[in-house]
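*Asks:* What follows is a structure written as structure tokens; I'll ask about it next.
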Amino acid sequence: MNHGQVIISFGAESIVETPAGELLRCLTRRRTGRTICGDMVEWSGPLPDQLAIDRIQPRRNTLVRTNYRGQERPLAANLDQLVVVCAPEPTPDPRLLDRYLVLARSLDVPPLVVINKGDLLTGTLPTRMETALLGARAQDCPIHIVSTVNGAGLDALTQSLGHRTSLLAGQSGVGKSSLINRLIPDRQARTQAISEASGQGRHTTTETTLYRLPAGGGLVDSPGVRMLRLAHLSHADIEAGFPDIAPHADRCEFRDCGHGVEPGCAVRAAIAKGTITAERLASLRELLAERNA
Ligand SMILES: Nc1nc2c(ncn2[C@@H]2O[C@H](COP(=O)(O)OP(=O)(O)OP(=O)(O)O)[C@@H](O)[C@H]2O)c(=O)[nH]1
Ligand SMILES: [Mg+2]
Ligand SMILES: [Zn+2]
């Protein structure tokens, strides 16, 4: 059986990487369903230019985003790690970071935070950055400070990536693609090979793409987002992503307490005591409020 991994998917068309590193353009049969980046697939074809995907192997996990219309959109599959990239510029958004941590936990994929553009930092981290890191620190998530400009921290980051398949996520402009450029030595050749395999007129650089790391793992570059909606997650999934708040929430008088005006709210009691910051609760409540009913 011919098998490989989808490194980029354009709806009906996929670029599949074989175990030997060859890139193949494959069409998806109607009954097979749509592929996404990271899918392990089986393919066949009568001719080298008429390959089709026959089967998508069961996904270990699927990273799903809810778009602005409330529709769930799968982005990538079979991930081992979620790398949340932020930087002093653009200004970090604490709510966005919290959302990525919730998403990672819901997928049972460990998160890792990368502060890129370390060359722009002087001494201590800016207050807004520290606020954004509250959630990461609450769950002992590793935090790497790196710079793609001077190379600082990249060796340690490579160690942490190991043989895993990691997705780089974060705001637009934080340097996800720059990191890929530094960590994938033959990135330009790969991009060239991808666009040749996919035919002309494809905007391959804006699509979610999997790159093989020299050590054997993979890195997925994904387009930046302004906000990450997680309306598809349950109340419990969202709360579990706030490990500093979850133990208090378990002691609220009402199940699925919104930690607003409900009586007997143990979370508000913890805020009054100063155990949890108001910013963290506001972040949690925002997510709970926008869930699809
Ligand atoms: N000073 C500094 N600038 C950097 C660093 N890394 C990336 N940049 C700059 O940040 C800008 C954005 O980098 P990209 O790699 O395109 O960011 P991205 O996260 O891929 O953005 P999207 O693809 O839009 O989501 C570019 O102008 C880079 O030159 C760094 O370590 N230090
Ligand atoms: Mg990019
Ligand atoms: Zn409560």
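*Asks:* Looking at the stretch 37-92, which of its residues are crowded, with 17+ Cβ neighbours inside 10 Å and in a loop (DSSP other than H, G, I, E, B)?
*Replies:* Gly38, Asp39, Asn78, Leu79, Asp80, Ala87, Pro88, Pro92
*Asks:* Which condition number does Gly153 fail, the rest of (1) free of Cβ contacts under 8 Å to residues at least 24 places away in the same chain; (2) farther than 28 Å from Ile36 by Cα being met?
*Replies:* Gly153 satisfies every listed condition except (1).
*Asks:* Still on this structure: Tell me, which residue of the stretch 263-293 that is more than 9 Å from ligand 3 (Cβ to nearest atom) and among the β-branched types (Val, Ile, Thr) is surrounded by the most Cβ atoms within 10 Å (Cβ to Cβ)?
*Replies:* Selected residue: Ile276.
*Asks:* Of the residues Arg34, Arg25, which is under 21 Å from Thr208 (Cβ atoms), assigned to a loop (DSSP other than H, G, I, E, B) and open to solvent by 20 Å² or more (accessible area, probe 1.4 Å)?
*Replies:* Of the residues listed, the single one that is under 21 Å from Thr208 (Cβ atoms), assigned to a loop (DSSP other than H, G, I, E, B) and open to solvent by 20 Å² or more (accessible area, probe 1.4 Å) is Arg34.
*Asks:* Same structure, new question: Among (1) more than 18 Å from Ala104 (Cα to Cα); (2) open to solvent by 20 Å² or more (accessible area, probe 1.4 Å); (3) modelled with pLDDT of 95 or more, there is one condition Ala246 misses while meeting the rest; what is its number?
*Replies:* That leaves (1) as the condition not met.
*Asks:* While we're on this one: In the stretch 224-240, how many residues are among the basic types (Lys, Arg) and either open to solvent by less than 30 Å² (accessible area, probe 1.4 Å) or outside any loop (DSSP other than H, G, I, E, B) (or both)? Spell out how you get there, then give the answer.
*Replies:* Of all residues in the stretch 224-240, those among the basic types (Lys, Arg) come to 226, 229.
The next check asks that each one be either open to solvent by less than 30 Å² (accessible area, probe 1.4 Å) or outside any loop (DSSP other than H, G, I, E, B) (or both); those that pass are 229.
Here the count works out to 1.
*Asks:* Separate question: Do you know which residues across the stretch 251-262 are more than 8 Å from ligand 3 (Cβ to nearest atom) and modelled with pLDDT of 95 or more?
*Replies:* Hit for the stretch 251-262 is Arg251, nothing else.
*Asks:* When you look at Leu213, is it away from ligand 3 (no atom under 15 Å from the Cβ) and either open to solvent by 50 Å² or more (accessible area, probe 1.4 Å) or in the same structural domain as Leu134 (by TED's automatic domain parsing) (or both), yes or no?
*Replies:* Here the answer is yes, as Leu213 does meet what is asked.
*Asks:* Now a separate question. Considering each of Asp80, Asp108, Asp98 in turn, give the residue that is of a type outside the set (A, V, I, L, M, F, W, C) and farther than 19 Å from Leu219 by Cα.
*Replies:* So the residue among Asp80, Asp108, Asp98 that is of a type outside the set (A, V, I, L, M, F, W, C) and farther than 19 Å from Leu219 by Cα is Asp98.
*Asks:* If a residue counts only when it is within 15 Å of the chain's Cα centre (by Cα), which strands (runs of 3 or more DSSP E) contained entirely in the stretch 102-185 have at least 3 such residues?
*Replies:* The strands (runs of 3 or more DSSP E) meeting that bar are 111-115, 165-169.
The values are calculated or read from the model by the stated rules, or taken from the named source; none is laboratory data. Just so we're clear, the structure is a prediction, and the values are computed from it rather than from any experiment. When we count neighbours, we look across all protein chains shown, and the Cβ atoms used for this are built from the backbone with ideal geometry, even at glycine. SASA here: full protein model, heavy atoms, side chains in, ligands and nucleic acids out. Shrake-Rupley method; radii C 1.70, N 1.55, O 1.52, S 1.80 Å.
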